[in-house]
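Just so you know, all these numbers are worked out from the coordinates, no wet-lab data involved. It should be emphasised that the depicted structure is a prediction, and the values quoted were computed from it without experimental measurement. When we count neighbours, we look across all protein chains shown, and the Cβ atoms used for this are built from the backbone with ideal geometry, even at glycine.
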Amino acid sequence: MTVTQMSTVERTGRRWRGCLRVVAGALLLSIALLAVGILHESVAAAASRARVPALVQSAAGQGGNPTLGSTVAVTAVLPTICNPGDTLIAMVTIGQQSSAGGLVSAVPAGWQRLFEHSPTDTSPYQGWFALSNCSSTQSVTFSISSPGNT
Amino acid sequence: MLNEFSGIPNPVAVDYNANDGSGAAFGNWSLAGQTPQSSGELTLTALSFYGGSSSSVTSTGWSVGGAQSASFPAYTCWSTSSSSAPTASLSWSPSSSTEVTMLALKAGTPGPQLNVVQENQGTFAGQSVAQATLPNGVTAGDAVVAMIGTDANGSTGPGYDATQLTGGGVTWQRVAGMIQASNGTAEVWVGISSAGSSGPTTITADLAGAADGHIVAAEVADISGVDGSTVSLGSSSIPTSSSPTPRSGDFLVAFLTTNPSATVTYPSQAGRRSHFRRRPTRRSDSPTYRASPLPHSGPRTRLRAGLSHRPHSPACPP
């Protein structure tokens with residue numbers, strides 16, 4: 001009986017210690033899950049933050065050639081090389097001469113024309129262009145035909 | 001104006017675009033965008049005007065992306081979209097003719113993007129040949145689109161003044177054409193799947209007779225055919241072309257020819273005034289043209305065509 005009692009006591013103690021282990025394990029697991037959760041949330045938050053558009057740097061350039069039918073290259077150079085994964089957005093505007101409207105005749109390889117509007121009066125032309133994943137790019141040159149001012 | 005942005009989807013596409021402006025002198029302008037497909041989109045707006053060295057621009061709620069305050073000032077502003085349509089209210093000095101545009105950017109679809117690779121224009125007066133020269137060779141497989149406006153006379157109705165087009169390594173086909181008696185012609189042609197060309201490439205249109213006018217030629221990637229077109233005639237200060245109900249992803253071409261007596265001459269020195277727009281579609285939109293000086297109604301011929309996006313086979317796994 002005693003043995004049985006001791007055995008019972010011993011078993012009770014093991015059960016208690018086992019229960020503690022379970023509680024401790026659960027607690028540790030909870031902490032671990034919480035840590036993973038925090039880590040996961042941090043990654044998600046960082047990813048979310050990364051998806052928010054932000055301006056990194058900007059540049060401008062200009063050129064001109066008043067000769068009707070002429071072509072001029074206009075270049076803009078950023079202060080530093082574009083970061084991998086970033087996007088370059090270029091806005092080109094052209095002064096319209098009374099007898100010659102301008103347009104961007106050629107864009108560098110990889111550049112995408114987003115939107116252009118060439119008014120039918122003397123108000124300026126505007127065009128938007130994009131280069132995704134602009135890694136290692138620092139400048140861009142657009143070829144413009146029949147320009148006035150740019 | 002060149003801006004580097006982080007946090008932009010790759011590939012990127014236009015969610016919507018808007019533009020407005022005037023050849024008359026203004027010192028302020030307000031341009032409204034559209035409700036974006038989702039919040040957080042990069043929204044861009046630009047202002048261009050003519051002025052002296054002293055100029056300024058303000059736009060509440062927008063951040064300045066870049067500024068060029070020389071004799072031909074230009075500004076870009078940006079913001080991230082909310083769930084409602086944005087408005088850019090800009091003011092500047094001195095008052096001048098102006099142009100304002102706005103566009104919002106969303107995630108594009110993977111794969112080749114519809115794109116105007118290169119383009120150019122040409123004018124002609126009293127000639128039976130119209131020419132525009134692309135600055136570079138045409139890539140094999142690309143399409144070439146041409147838009148031609150002339151002052152040629154004829155009976156009002158569908159029709160063309162160009163009898164044939166050559167150049168660009170394509171077989172040219174008619175897309176849409178319209179004649180308005182005593183007010184000229186407007187037509188769109190396309191050639192699919194170029195065999196390719198090298199160096200400057202001249203597109204030549206043979207006309208039915210001597211005429212004044214304007215030709216625009218563009219090399220466009222990823223067009224496979226003609227989806228549909230509409231033509232219309234009229235006399236108004238803000239002509240709008242009706243939609244040919246294109247399929248989503250179509251490349252749209254719109255073209256307007258007006259009688260120059262109603263407007264300033266652009267870009268032809270003596271012929272009809274022409275104008276075009278094109279973009280991949282998000283919606284069945286209808287391009288609107290605004291005449292100058294405003295308000296001024298005049299005879300106008302409008303064309304609009306939807307060109308099919310070339311389908312691409314999904315990539316096979318290795």
>> Quick check on region B:105-115. Is at least one of its residues in contact with a Leu (Cβ under 8 Å, 6 or more places away or on another chain), within 12 Å of chain A (Cβ to nearest Cβ) and not basic (Lys, Arg)?
In response: yes
In the set B:Ala70, B:Ala104, the lone residue that is assigned to a strand (DSSP E or B) and small (Gly, Ala, Ser) is B:Ala104
